[in-house]
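Single-structure report; data block below.
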Amino acid sequence: KGPGKYHVIMLNDDGTPMEFVVQILISLFRKSTEQATETMLEIHEKGRGVAGTYMYEVAEQKVHQTVNSARMSGFPLSAIIEEAE
């Protein structure tokens, strides 16, 4: 993929605790507690939310880290990459 910006989109599910999503947003996406909570609520209410926007390779790594952390903790949290407008 060429240069440009890509959104890491986190998807809502019924098995991942809200607190875990907030922790991922703080630790992997460097959000403040307030920003992480707002993003988590958006994911919860709208079914998806932008965790961060990066170059493609970084976005790919963030998705991998997110899914890996979730699986290691036993949660079904998933994330995808979408090209930013």
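The values are calculated or read from the model by the stated rules, or taken from the named source; none is laboratory data. Keep in mind the model is a prediction, meaning the values are calculated, not measured. Here Cβ is always computed from backbone atoms with ideal geometry, including for glycine, and neighbour counts include all displayed protein chains.
Candidates in the range 52-76 are the residues that are out of contact with any Lys or Arg (no Cβ under 7 Å at 6 or more places or on another chain) and of a type in the set (Gly, Ala, Ser); of these, the one that is nearest to Phe29 (Cα to Cα) is Ala59.
This table checks each residue for (1) more than 20 Å from Glu60 (Cβ to Cβ); (2) small (Gly, Ala, Ser); (3) in contact (Cβ under 8 Å) with a residue 24 or more places away in the chain.
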| position | (1), (2), (3) |
| --- | --- |
| Leu11 | no, no, yes |
| Pro17 | yes, no, yes |
| Gln23 | yes, no, no |
| Ala36 | yes, yes, no |
| Ile43 | no, no, yes |
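Applying the set (1) of a type outside the set (A, V, I, L, M, F, W, C); (2) closer than 13 Å to Val8 by Cα; (3) touching a residue at least 40 places away in the same chain (Cβ under 8 Å) to Pro76 leaves exactly one unmet item: (2). Scanning the range 57-85 for residues that are touching a Gly at 6+ places or on another chain (Cβ under 7 Å) and at pLDDT 95 or above turns up Lys62, Phe75, Pro76.
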